[in-house]
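Working notes, structure below.
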Amino acid sequence: MKRLLGGMLAASMLLSACNVQSVDEYEKEKARLESEQAATASSTVNETSSAQQEPVEAANKQKSSDDAQERKDKAEIKPDDKEAIDKQVDKEKIIEDTDKVATPAAPAKTEEQQTNDAKPAAEEKTATPKEATAQDEKSTTSAADTTNKQPTSADKTTSEHQKPATTAPVKQPTPDNTAKPKPTTPQKEDKKETVTVSVRVDTLLQQEHFNRLPEALQSTKYVPSNGIILKAGTYTIEKGDSAWTATRKALQKHGIHFEYEGEGESGYGSVYVEGINHIYEKQAGSLSGWMFAVNGKAPGVGASAYDIKDGDKITWHYTTNLGRDIGLADQ
């Protein structure tokens, strides 16, 4: 616009210059042109201002119109419609917030999982129609089993609210009803019967009798210094045992030598003892030999003919004078 006015002014001046004018006329003409130029510039500025204000005024009018319409709408909204609008606004807000939540990325699969995932795909490609059908049936069955096995929420709720069954307490038997064990009577063991057996050579401790023995027997091995070949000991007997039975048992137990004649050989109707510990009859004189006593007395019969009883004491003596020297001759 300024360029246009400048051009017009220059043109006017040029035309004026072309015409021969006086100085006053020139000044007047210049003032007129400047006045017109100023008026034109002012008009242009006003037009520009009005053009700029028109959109603002239009926007203000539109806003006022919208506000008035909104107030009118709000005034016309019913209570029920207001609740529906509030619910719709809340719903849209929830959806907007949900969309903003970032979905977590799925974890990266390992090499082994990728391989395992690839295997079923390869198997599916190579499976025959029959195998595919079997696999589908198997999958359907597994799914059905899984559905049957999984308890429903209703079942779970029912089982949780069920009260445990209570059982009646078991009555414990009272002491009166309890069977008392009967006392067992210890069985009496049969008492074993025993006797005492001993063998002595006290008479041979006298020097004159000792000197009569064979030189080989003149030793403490055969004639102990205390005169005891077998010290008194207890031995078990059975019913019907004789004095000889008990004597033989004792001698055999201690490994002591003995020799005898049987009942059929002796002529006495009983066993006859010839020697004990290698000392025989008549080795210390013609009247020497072996005799036995029961409880300190001569029984008057042979050893195999005398029945012993529990507690008897059997003693064998070596006599040098038919029992007179041991106190058994007069019995």
Kirkwood Rh and Cα Rg combined as Rg over Rh, evaluated for the stretch 179-331:
1.13
May I ask you to give the percent of accessible area on the stretch 219-281 that is carbon plus sulfur, with a probe radius of 1.4 Å?
44
Cα convex hull volume per residue for the stretch 249-308, in Å³, equals 111
Looking at this model, which pairs from Lys192/Lys297; Lys249/Lys297; Lys221/Lys282; Lys192/Lys221; Lys192/Lys282; Lys239/Lys297 are more than 29 angstrom apart at the alpha-carbon?
Lys192/Lys221; Lys192/Lys282
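The values are calculated or read from the model by the stated rules, or taken from the named source; none is laboratory data. These figures come from a predicted structure and were not determined experimentally. To get the accessible areas, we keep the full protein, side chains included, count just its heavy atoms, and leave off ligands, DNA and RNA. Shrake-Rupley method; radii C 1.70, N 1.55, O 1.52, S 1.80 Å.
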